[in-house]
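As structure tokens, the structure follows; a few thoughts come after it.
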Amino acid sequence: MSVILSGKEVAEALKESLIKEVSELKGKGYTPCLKIVIVGDRPDSVAYIKGALKRCSEIGIEASVLELPGDISEQEFIKKIHELNNDESVNGMLIMRPLPSQISEDRVKYEISPEKDLDCFSPINVAKVMAGEKEGFPPCTPQAVIEILDHFKIDPAGKKVAVVGRSMVVGRPLAMMLLQRNATVTICHSKTKDLAEETKRAEILIAAVGKAKMVKKDMVGEGAVVIDVGINVDENGKLCGDVDFDDVKDKVAMITPVPGGVGSVTTTVLAKHVIKALKQQKSL
Ligand code: NDP
């Protein structure tokens, strides 16, 4: 049986260190402040927001939601983003995506101030992740993967890492972040030929595909570390990852569960980013 890499454990440890940081900041007269922007009703976003607000409140961060109507025009939406950019009381923003179709993400991503963009929406932050610049904001999910590796002292330097998935929110930035940490990274996707050959070679395998239980025993190397980013629903309506946990668990050395893995860490990373934004804005 492999070691289970508990995301909850990582989130709790990170939370404790953030509580201390916020208390120090409050001692200096600063309270970090987050604004979550949601356009229209999105049930999956509502659950995430509830979790994020609870996390921030536990840590001592002020967090609130700006709810915008589902039919808001692109121009009005941009106006709201500019207002938040200029609002000195707000340190960071999370814009829930996807945005409705009348708003072009490719256009509005240029409007959010990179200093307040906590989830790597702005192309400036994307460039910073590419360049490995520390003051940028990588997306929360890839950063959650890094927090898990760090917490369990799994150093990717020099290791063969395969990232399956190349989206802008998970696979692609995560591959760059692992490269920055000196891993030898292979990025796999739906057009990869002989995927199992690539994934079997990996000492660290990261699945960010969105296909329930796709990664089976014959796709993982003996003794590999497996990080499962996927959040899917299986044939019985239960949450599951991209990795078939029961199938691979006795072959690999370490594995994150779903639920209770990467997804448990993301809201705490969001809180970490709010604090980082405040510190950078105030040169603390
Ligand atoms: P996307 O659908 O945007 O990207 C999926 C990626 O997987 C694409 O690059 C696609 O390749 C690749 N892919 C699809 N099918 C295959 C296949 N058969 N073989 C190899 N590669 C394949 O998903 P996201 O990146 O947004 O999310 C990935 C997963 O992570 C989802 O399950 C999502 O729910 C979960 N997630 C979890 C979060 C968390 O907090 N834990 C947060 C965000 C996402 P191609 O580019 O060629 O199409």
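Please tell me the relative contact order of the chain in percent, rounded to the nearest whole number, where contacts are Cα pairs under 8 Å and at least six residues apart. Present the calculation step by step, with values, prior to reporting the outcome.
On the way: 545 pairs, mean separation 62.4, N = 284.
Contact order relative to length: 22 percent.
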* Asked: Which of the peptides 240-248, 53-61 is most tightly packed, and how do the rest follow, judged by the mean count of other Cβ atoms within 10 Å per residue?
  -> 240-248, 53-61
* Okay, helix-only estimate at 222 nm for the chain: each DSSP H run of n ≥ 4 adds -39500 (n - 2.57), divide by all residues, round to 500 deg cm²/dmol; what do you get? -> -12000 deg cm²/dmol
* Structure fact -> Checking rank on 134-140, 202-208, 159-165, with mean other Cβ inside 10 Å and highest first, the result is 202-208, 159-165, 134-140
* Structure fact -> The long-range amide H neighbours of Val215, using H built 1.01 Å from N in the peptide plane and a cut-off of under 5 Å, are Val243, Asp244
* Structure fact -> Using alpha-carbon positions, the gyration tensor of segment 29-113 gives root eigenvalues a ≥ b ≥ c; with a/c under 1.5 called rounded, otherwise prolate if a/b exceeds b/c, else oblate, the class is oblate
* Asked: Any idea what the relative contact order of segment 140-263 is, in percent, if you count C-alpha pairs under 8 Å spaced at least 6 apart?
  -> 22 percent
* Asked: Roughly what angle does helix 74-86 make with the longest principal axis of the chain, taking Cα atoms, 0 to 90 degrees, to the nearest 10?
  -> 80 degrees
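Set the Förster radius R0 to 45 Å, insert the Cβ-Cβ distance between Arg201 and Arg107 as r into 1/(1 + (r/R0)^6), and round the FRET efficiency to 0.05. Please report the intermediate quantities before stating the final value.
Details: r = 40 Å, r/R0 = 0.90.
Approximately 0.65, to the nearest 0.05.
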* To do: Give the long-range amide H neighbours of Ile95: residues separated by 5 or more places, or on another chain, with amide H under 5 Å away, using H modelled in the peptide plane at 1.01 Å from N.
  => Val37
* Report, to the nearest 10°, how far helix 140-151 tilts away from the longest principal axis of the Cα atoms in the chain, using its own Cα long axis and a range of 0 to 90°. => 60 degrees
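What net charge do the residues around Asp194 carry, taking every other residue with its C-beta under 14 Å from that of Asp194, with Lys and Arg at +1 and Asp and Glu at -1? Walk me through the numbers on the way to the answer.
Numbers: positive: Lys191, Lys193, Lys200, Arg201; negative: Glu197, Glu198, Asp218.
Once all neighbours under 14 Å are counted, the net charge is +1.
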* Asked: Using alpha carbons only, how many degrees (0 to 90, rounded to 10) separate the axis of helix 171-180 from the longest principal axis of the chain?
  -> 80 degrees
* Structure fact -> The ³J(HN,Hα) series, computed from each phi in segment 251-259 with the Karplus coefficients 6.51, -1.76 and 1.60 at θ = phi - 60°, rounded to the nearest Hz and given as x for glycine or proline, is 9, 8, 7, 9, 8, 8, x, 9, x
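Excluding Ser101 itself, calculate the net charge of residues whose Cβ lies under 11 Å from the Cβ of Ser101, where each Lys or Arg counts +1 and each Asp or Glu counts -1.
-3
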* Indicate, rounded to the nearest 5 percent, the antiparallel portion of the DSSP beta bridges found entirely in the chain. => 5 percent
* **Relative contact order, percent, segment 29-113 [alpha-carbon distance under 8 Å, six or more residues apart]** => 42 percent
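Please arrange Ser190, Ser283, Ser167 by counting, for each residue, the other beta carbons lying within 10 Å of its beta carbon, fewest first.
Numbers: Ser190 10, Ser283 5, Ser167 16.
Listing Ser190, Ser283, Ser167 from fewest to most nearby Cβ atoms yields Ser283, Ser190, Ser167.
We did not get these values from a lab; they are worked out from the coordinates using the rules stated. Just so it is clear, the structure is predicted and the values come from calculations on it, not from any experiment. As a convention, Cβ positions derive from the backbone with ideal geometry for all residues, glycine included, and neighbour counts pool all protein chains shown.
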